[in-house]
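Take a look at the structure below.
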Amino acid sequence: MRAAFMAVVAASALAAAPALRVDLRTRVEAFKGTGEWQEVRFTRDFPVKESAILICDMWDRHWCAGATRRVDEMVKRMAPVVEKARAAGLLIIHAPSDVMDFYKDTSQRQRMLAIEKIAPPEPLPLPDPPLPIDDRSGGCDTGETVYKAWTRQHPGIRIAEEDFVSDKGDEIYSLLRRRGVKTLFIMGVHTNMCVLNRSFAIKRMTKLGIQCVLVRDLTDAMYDPRDRPYVSHQEGTELVIRYIESHWCPTALSTDLAPR
């Protein structure tokens, strides 16, 4: 009797906890094999305590000048969203790859390193269709040559005391499991590269059983309109977003990342 009572109490507490009501967009191939994907929208509630935001590779500077300019503009929209989400109780993970030395002495990095590791399961054998854009040239639309330009995360995005910093999938997976996080809202750059392929990003986390949602108004692709399929940069980004919706996870708008 006591066990049943406690189960009811726990269920009631979960139901009363704040939640994100998120409008999701995905795509389905209603008639398999036709290659015709239909947009589908639905609404779902995500408990705040079971949700986190991951900010992917929003560096202070990129080797591609066009990418740097777009990130600078995105930061202006992303920073207030992150502040609002944190205030609402969401866990915030900053994942600026290749710059962990900059953060090695910070409490946010040290607390991440102190998380006891959890061995991930065998990754799900999910199909990985080719991208709808050609990014083999590097995707820069302003013609610069590749070099390591970044030194830290963009300073316009505040890293609060309670946040975490990591660029390693095993660390982030362990944090999510230790905290009971089931859903990862991913924002940042670049949609066709790091956002999909980093060890902490959509493909890997989806294969490990973490529900991912791409925040589609806070991302950008590395795509040069001079490459296939010869569309504008904005259209190239939208093609990658649709690809993700079709094959990997739903997307949402940043306006939903606070309880209603």
Practice problem: Return one quarter of the surface area of the convex hull spanned by the alpha-carbon atoms of segment 205-251, equal to its mean projected area, in nm². | Solution: 3.5 nm²
Quiz item: List the GluC sites (Glu not before Pro) in segment 145-238 that DSSP assigns to loop (not H, G, I, E or B) and whose Cβ has at most 16 other Cβ atoms within 10 Å. Which are they?
Solution: Glu161, Glu162
Self-check item: In degrees, nearest ten, helix 65-87 long axis to first principal axis of the chain (Cα)
Solution: 10 degrees
Quiz item: For helix 169-179, what angle does its Cα long axis make with the longest principal axis of the chain, in degrees from 0 to 90 and rounded to 10?
Solution: 30 degrees
Exercise. Using semi-axes √(5λ) of the Cα gyration tensor in Å as the read-out, say which of (i) 27, 21, 19; (ii) 39, 20, 14; (iii) 30, 24, 17 was calculated from these coordinates.
Key: (iii)
Quiz item: Taking segment 18-61, which trypsin sites (Lys or Arg not before Pro) meet the DSSP loop condition and have no more than 10 other C-beta atoms within 10 Å?
Solution: Lys32
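Could you tally the net charge around Cys212, taking each other residue with its Cβ under 11 Å from the Cβ of Cys212, Lys/Arg +1 and Asp/Glu -1?
+4
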Quiz item: Using the heavy atoms of the protein chains alone and a 1.4 angstrom probe, what is the accessible area of the chain per residue in square angstrom?
Solution: 49 Å²
Quiz item: In the chain, what cysteines have no partner Cβ closer than 4.7 Å?
Solution: Cys56, Cys194
Quiz prompt | Inter-centroid distance (Cα atoms) of segment 223-247 relative to segment 71-107, Å | solution = 26 Å
Quiz item: Antiparallel DSSP bridges in segment 11-150: what percent, to the nearest 5?
Solution: 65 percent
Quiz prompt | Degrees, to the nearest 10: 2-16 long Cα axis against longest axis of the chain | solution = 40 degrees
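Taking all protein chains together and a probe of 1.4 Å, list Phe46, Phe102 from the most accessible to the least accessible.
Phe102, Phe46
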Quiz item: What is the local net charge at Asp23, summed over the other residues whose Cβ is closer than 10 Å to its Cβ (Lys, Arg +1; Asp, Glu -1)?
Solution: +3
Quiz item: Taking every DSSP beta bridge that has both residues in the chain, what percent is antiparallel when rounded to the nearest 5?
Solution: 35 percent
Quiz item: What's the carbon and sulfur percent of segment 83-150's accessible surface, probe 1.4 angstrom, rounded to a whole number?
Solution: 57 percent
Quiz prompt | Heavy-atom accessible area order for Ile93, Ile159, largest first, 1.4 Å probe | solution = Ile159, Ile93
Quiz item: Local charge sum around Tyr103 (other residues, Cβ-Cβ under 12 Å, Lys/Arg +1, Asp/Glu -1)?
Solution: -1
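Expected output is a single nm value to one decimal: the length gained when fully extending between Arg77 and Phe42, i.e. 0.36 nm times separation in residues minus the C-alpha distance. What is it?
Contour length minus the Cα-Cα distance gives 10.1 nm.
The values are calculated or read from the model by the stated rules, or taken from the named source; none is laboratory data. Bear in mind that the values here come from a model prediction, so they are computed numbers and not experimental data. Positions of Cβ are backbone-derived with ideal geometry, glycine not excepted, and every protein chain shown enters the neighbour counts. Areas reflect the complete protein model, heavy atoms only, side chains present, ligands, DNA and RNA absent. Shrake-Rupley method; radii C 1.70, N 1.55, O 1.52, S 1.80 Å.
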